[in-house]
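Laboratory data are not the source of any read-out in this text; all were calculated from the coordinates shown. Note that this is a predicted model, so its numbers are computed, not measured. Note that we place each Cβ from the backbone using ideal geometry, even for glycine, and neighbour counts take in every protein chain shown.
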Ligand SMILES: Cc1ncc(C[n+]2csc(CCOP(=O)(O)OP(=O)(O)O)c2C)c(N)n1
Ligand SMILES: [Mg+2]
């Protein structure tokens, strides 16, 4: 077994080029910690068979969602994938509603009917996630088109994985957005794998961003484990969108610590190399940010410990609340089901 060598960055540089202040940085760190602790809790419950919905976990990729979403306004739209928890939380979705959905309770963001891959919270602009690979590549264009036609300022962010450029709709979506100069920011989270298939087995060359450029998009490859770098790339891309320069493309190079779905890391079954995982754990987006903050005396060890405790308590409370909540009523089973041209209410 060898390392999957495409797209491997050096240690994150973590340069605060936008001069973000302490409050902003600590808020970003807190959001990354909320994602990390939530995902680790869910992994544990999946292993204990307390959670049944298939969960594609985001541990290791936190800087990507947070760096992007901290550049957005509430009124901007986000479309997500099967690996949706990080995007939901980064865009401001409520932790209680995420746990409610994962436990399939009434209190879930989709009323307990969708599970892990079908999250939404229109109140914060998270318009949906899809279990279909590339499922949001078309859907995400709708609101962007509306924004353009009505002269609104909202932009659409379409997160997708490195497998999506292998789907035809990726090309159609990018081409349509480019020709209509739509306010879309595509974020390709290149974590080097699609299920168990390494990127190097699926593409002859390491050229996802070059392919996006061919469609006329401005592209940027960033270290997806460096929240400052991701945030800066997003702020600049959004500025270009607002200047009327059309759709933008960011490829955030990152890595998921866990296997494709569930709690295992896939090392024991030979799908990944243990050294590769170790290599990427050294590039932990959270640990490296914390080191950087301590080194630059942005915060103290004590503040970091308090933040970790606060986040753990938030996760405990959200999970408890979900477990004690009711399941959806059986008489509402057909609610929102589309049949014979009608959506039942
Ligand atoms: C149209 C379609 N084909 C196949 C699948 C099965 N599937 C689910 S996730 C996945 C791989 C996705 O890889 P990537 O886009 O890189 O995202 P990642 O899981 O790495 O975040 C596949 C093939 C699917 N859900 N939908
Ligand atoms: Mg992938």
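Give me 170, 280 sorted ascending by neighbouring Cβ count inside 10 Å, so fewest comes first.
Working: 170 24, 280 21.
If I rank by nearby Cβ atoms, fewest first, I get 280, 170.
Of 163, 188, 55, 305, how do they rank once you tally other Cβ atoms within 10 Å and put the fewest first? Present the calculation step by step, with values, prior to reporting the outcome.
On the way: 163 20, 188 27, 55 24, 305 10.
Result, fewest neighbours first: 305, 163, 55, 188.
Among 220, 152, 309, what is the fewest-to-most ranking by other Cβ atoms within 10 Å? Write out the running numbers ahead of the final one.
Details: 220 19, 152 13, 309 10.
Going from least to most buried by this count: 309, 152, 220.
Note down the nm distance, to one decimal, between modelled labels 7 Å out along Cα→Cβ at residue 17 and at residue 47.
3.9 nm
Which residues does the label zone of residue 195 cover in segment 140-163, counting backbone N under 17 Å from a point 7 Å along Cα→Cβ?
Under 17 Å, as judged by backbone N against the label point of residue 195, lie 161-163 of segment 140-163.
Please give the contour-minus-distance gain from residue 300 to residue 214: 0.36 nm per residue of separation, less the Cα-Cα distance, rounded to one decimal in nm.
Working: separation 86, 0.36 × 86 = 30.96 nm, distance 4.65 nm.
So the chain would gain 26.3 nm between residue 300 and residue 214.
Over the Cα atoms of segment 127-183, what Rg and Dmax result, in angstrom?
Rg and Dmax of segment 127-183, Cα atoms, are 11.3, 33 Å.
If each of residue 132 and residue 205 carries a label point 7 Å out from its Cα toward its Cβ, how far apart are those two points in nm?
It works out to 3.2 nm between the two label points.
Segment 164-208 to segment 59-95: how many Å between their Cα centroids?
19 Å
Calculate, axis by axis, the spread of Cα positions in segment 215-281 along the three principal axes, and write the results as whole Å, longest axis first.
Largest to smallest, the principal-axis extents are 50, 25, 18 Å.
Only Cα pairs within less than 10 Å get springs; with that Gaussian network setup on the chain, which residue of 230, 59, 298 has the largest fluctuation?
298
For the chain, build the convex hull from the C-alpha positions and give me its volume per residue in Å³.
Details: hull volume 49.3 nm³, N = 345.
Residue-normalised Cα hull volume stands at 143 Å³.
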